[in-house]
1. Using θ = phi - 60° and the Karplus form 6.51 cos²θ - 1.76 cosθ + 1.60, what ³J(HN,Hα) does each residue of segment A:58-67 get, whole Hz, x for Gly and Pro?
2. Using alpha-carbon pairs under 8 Å, 6+ residues apart, how would you state the relative contact order of chain B in percent?
3. Pairs to check: A:11/A:57; A:57/B:3; B:69/B:100; A:57/B:52; B:52/B:100; B:52/B:105. Give those whose C-alpha atoms are more than 30 Å from each other in this structure.
4. Ordered by residue, what ³J(HN,Hα) values in Hz, to whole numbers, does segment A:24-38 give under the Karplus form 6.51 cos²θ - 1.76 cosθ + 1.60, where θ = phi - 60° and Gly and Pro are x?
5. Mind checking the mean number of beta-carbon atoms from other chains within 10 Å of the Cβ atoms in B:99-111?
6. Just need the relative contact order of chain A here, percent rounded to a whole number, with Cα pairs under 8 Å and 6+ apart.
7. Based on the alpha-carbon gyration tensor of segment A:45-115, what equivalent-ellipsoid semi-axes (square roots of 5 times the eigenvalues) come out, in whole Å, largest first?
8. For segment B:1-55 and segment A:18-65, what is the separation of their C-alpha centers, rounded to whole Å?
Amino acid sequence: GAGVSQSPSNKVTEKGKDVELRCDPISGHTALYWYRQSLGQGLEFLIYFQGNSAPDKSGLPSDRFSAERTGGSVSTLTIQRTQQEDSAVYLCASSLAGRLPYEQYFGPGTRLTVT
Amino acid sequence: DAKTTQPTSMDCAEGRAANLPCNHSTISGNEYVYWYRQIHSQGPQYIIHGLKNNETNEMASLIITEDRKSSTLILPHATLRDTAVYYCIVRVEGGGSNYKLTFGKGTLLTVNP
């Protein structure tokens, strides 16, 4: 079956520009997560959606970062006024529910490079 | 969550079984053992999880010791495509913010031809 998809796969942007990253979760998965992974680093949690609500936004690094989810499905992560330190791979994952033991399935990621 | 300890790296010959160990001596009764892997330049991939009993799926087998202080992930017939970093994590069931996955350094498994 279809897995989690993300677009674009790669994004190069100039410092100060806004970017939008898209995630299509597995159909029927109510929980959706955004993480980022910098080169050689571990996973950094950003935000968790249950349906269209985001009960946990604690990982968003600054107010330049925002995310929304519509129709309980597609999610968009927006970064405004990008900075070089925003360069990373942004990963989206989904699961049947937001609590273990429901495993999370990851997309391939969007590699963001801010020049 | 309980801390896990894994070897930094392992090698395995193609076609042979890869046995990846994980120590989690401080695991508590309601914590599951999960395994994920990350192939270079790809997103993490869920492999398997278990609580007490050994588990098997199409990807791997998970052997958990009776005292639950350690476990072994077994890839029965490793292929070159199994070369990846393998992460063992333990997560409490339900409650709190247990949805936040965090990986340690994991084990780099290199499958050699």
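Readers should treat all values here as calculations from the given coordinates under stated rules, not as data from a laboratory. On a predicted model such as this, the values are computed, not experimentally measured, just so you know. Using ideal geometry, Cβ is built from the backbone for each residue, glycine included, and neighbour counts are taken over all protein chains shown.
1. 4, x, 5, x, 7, 6, 6, 9, 8, 8
2. For chain B, the relative contact order is 37 percent.
3. In this structure, A:57/B:52 lie more than 30 Å apart at Cα.
4. The phi angles translate into 10, x, 5, 4, x, 7, 8, 9, 9, 9, 10, 10, 9, 9, 7 Hz.
5. Average neighbour count from other chains, rounded to a whole number: 4.
6. Computed over chain A, the figure is 37 percent.
7. Ellipsoid half-lengths, sorted descending, are 23, 14, 11 Å.
8. Cα centroid of segment B:1-55 versus Cα centroid of segment A:18-65: 24 Å apart.
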